[in-house]
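Enquirer: Following this message is one structure expressed as structure tokens.
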Amino acid sequence: MTPSPPPAAAPPSGLPLRERKKLRTRHALIDTALRMFTERGFDGATLDELCDAVEVSKRTFFRTFASKEDVAMAPAEDMWRAFADRLAGRDLGGRPVAAELRAVLRETVAAMPDEGWEHRMLLSRRLAAATPSMDAHGLHFCNRTSARIVADLHRRLDVDPADPRPRLAIDLVVAAWHHALETWTAQEGGHTRGALAARLDAAFDALPGALSFAAPARADSPPPAESTG
């Protein structure tokens, strides 16, 4: 049986009671969804069953999440929203943008507030790997969030609106994140934030070499097919 994630951190006491209740409901929906989907498969648990388990109405669910995919992808989506917010408040100060993006992503992962966020991230990633609709949902969210970040960079940087470098910098960060997440998910145990951060560092360190990568073809590889065009 798949262990449940640790309880989410209590909502900040300074929030109004209504907001604290909403956050507690949101956390309960995420944890219950990840547990049910992991045990029974994404399509093996209905939205009605999820709402019954948390004792909320479907109307409450849809005030919080747009779909089953949305609640199942919440750990990653929350992280990228926090990344975008942290970056928007960062004084880039003429420093290399790629290095700042790397630093902000590392800081964001370390600062995710929920105890057990990394366990939720692991369950979510494993589900997405086996669920095409979750992968498609994640791709759409990633594209929208990347566009938001690029627009923010163009507002704050003295670069031509047609300059592709801000978008390419974000795309490299996203590629490094996906590689780090895949290798971290696939490893045997040790799914800690520190291990994820180490995978991120390794992926970022490999980026310069990836741009100039050249290697001889395998001696036993088949020749390229002749063009028929």
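Enquirer: Give a quick list of trypsin sites (Lys or Arg not before Pro) in segment 185-220 that DSSP marks as loop, anything other than H, G, I, E or B, with at most 10 other Cβ atoms within 10 Å.
Expert: Working: sites: R193, R199, R218; in loops: R218.
Answer in residue order: R218.
Enquirer: When you have a sec, figure out the Kirkwood radius of segment 20-143 from all distinct Cα pair distances and drop it here in Å to one decimal?
Expert: 15.6 Å
Enquirer: Next question, about the same structure. Who wins for biggest fluctuation among A214, A198, A84 in a Gaussian network model of the chain, springs between alpha carbons below 10 Å?
Expert: Top of the fluctuation ranking is A214.
Enquirer: Below 8 Å between Cα atoms, with a sequence gap of 6+, how large is the relative contact order for segment 67-207 in percent? Provide the component values of the computation, followed by the final result.
Expert: On the way: 95 pairs, mean separation 41.0, N = 141.
Relative contact order, segment 67-207: 29 percent.
Enquirer: Per the helix-only calculation at 222 nm, which mean residue ellipticity applies to the chain, given -39500 (n - 2.57) for every DSSP H run of n ≥ 4 and division by its residues, nearest 500 deg cm²/dmol?
Expert: Working: 10 runs with 154 residues, N = 229.
About -22000 deg cm²/dmol.
Enquirer: About its Cα centre, how strong a charge dipole does segment 36-150 have in debye, to the nearest 20, once Lys and Arg get +1 and Asp and Glu get -1 at the Cβ? Provide the component values of the computation, followed by the final result.
Expert: Numbers: 16 positive and 18 negative charges, 103 e Å.
Once rounded to the nearest 20, the dipole reads 500 debye.
Enquirer: Please report, to two decimal places, log10 I(q)/I(0) for the chain at q = 0.15 Å⁻¹ as given by the Debye formula with identical point scatterers on the Cα atoms and no solvent.
Expert: Result of the Debye calculation: -1.10.
Enquirer: What residue among S146, S124, S57 has the largest mean-square fluctuation in a Gaussian network model of the chain, using Cα springs under 10 Å?
Expert: S57
Enquirer: Taking the Cα centre of the chain as origin, sum charge times position over the Cβ atoms of Lys and Arg (+1) and Asp and Glu (-1), and report the length of that vector in debye to the nearest 20.
Expert: Computed about the Cα centre, the dipole is about 780 debye.
Enquirer: Taking the Cα centre of segment 100-156 as origin, work out the dipole magnitude from +1 charges on Lys and Arg Cβ and -1 charges on Asp and Glu Cβ, in debye rounded to 20. Could the numbers behind the result be given before it?
Expert: Values: 9 positive and 7 negative charges, 48 e Å.
In total the dipole reaches around 220 debye.
Enquirer: Using only alpha carbon pairs under 8 Å that are at least six residues apart, calculate the relative contact order of segment 1-160 and give it in whole percent.
Expert: Value for segment 1-160: 29 percent.
We did not get these values from a lab; they are worked out from the coordinates using the rules stated. As the structure is a computational prediction, the values presented were derived from the model and not from experiment. Every residue, glycine as well, gets a Cβ built from its backbone with ideal geometry; the counts of neighbours run over all protein chains shown.
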